[in-house]
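The values are calculated or read from the model by the stated rules, or taken from the named source; none is laboratory data. Small disclaimer: the values here were computed from a predicted structure and weren't measured. Ideal geometry is used to build each Cβ from the backbone, glycine not excepted, and the neighbour counts take in all protein chains shown. These area figures cover heavy atoms from the full protein model, side chains too; ligands, DNA and RNA do not enter into them. Shrake-Rupley method; radii C 1.70, N 1.55, O 1.52, S 1.80 Å.
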Amino acid sequence: MPKTLISVYYSCYDTPLPADTFNRLMAALPEGMRASIHRFKRWEDAHAGLLGKHLLQYALPGYSLADIAYTVHRRPFIKGAPDFNISHAGNMVVCAVAGKGDVGIDIEKPTLLSVEDFHQQFTPEEWDAIRIDPASPEIFYRYWTRKEAVLKAAGTGLNEALHLLNVMNNSVFYHQHTWQLSAVPIMPGYVCHVASGETEIAINTHAVSMQELVSMYR
């Protein structure tokens, strides 16, 4: 059986975009999306919101951002288009597009944190691994991104009881469905996972430059 292809597009933004570039990309968005981006107070968040939408447009050139709709749990979709999912962390945005079925993606940039504050979000087995491993933050973020990828793929929202979702294995049964998990090695210093509803998957990654995004609107 051929593997289902999941394409992961990503862009980095270490510094704010030049004003003319930012404004050009903003102008290409539907009005409602522009308004939501303007509400962000941090430039990093505004850029993440902006670039995530344009990565999606880059990945699905035959569809319009104006056609994005939302489920009751605020999961975005475009009727008739391949399933997609977007995430961001640090100065990176990722967009996963599934050749078939549903997909979820989550990316995080590990930082030092008090993992004890998140004890209630993990199963006993996961928590033991987090506490025992000396690279605790890395293990923490590995499980965290896997959990969020599954929840996003399932479209149930991120308020589910995470401590009931065990993601120590690459195959996870959740909401009457089996999800396959896979790491996405994009850039050092980040942890990223995808979840797919298909049994066999292959992942391709595509770095997309600012020039490539802007050139869509010339």
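Okay, here's what the table says:
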| quantity | calculated |
| --- | --- |
| Spans of helices (runs of 4 or more DSSP H) in the range 1-93 with at least 1 residues at pLDDT below 95 and under 19 Å from residue 197 (Cα atoms) | none |
| Complete set of residues in the range 179-196 that are closer than 24 Å to residue 165 by Cα and modelled with pLDDT under 95 | 185 |
| From 187, 216, 210, residue being open to solvent by 40 Å² or more (accessible area, probe 1.4 Å), closer than 19 Å to residue 48 by Cβ and touching a strand residue (DSSP E or B) at 6+ places or on another chain (Cβ under 9 Å) | 187 |
| Failed item, numbered, when residue 151 is tested on (1) open to solvent by less than 20 Å² (accessible area, probe 1.4 Å); (2) part of a strand (DSSP E or B) | (2) |
| Single unsatisfied condition, residue 86 versus (1) in contact (Cβ under 8 Å) with a residue 12 or more places away in the chain; (2) farther than 19 Å from residue 5 by Cβ | (2) |
| Candidate set from the range 103-118 (those that are in a loop (DSSP other than H, G, I, E, B) and closer than 30 Å to residue 56 by Cα); member that is farthest from the chain's Cα centre (by Cα) | 111 |
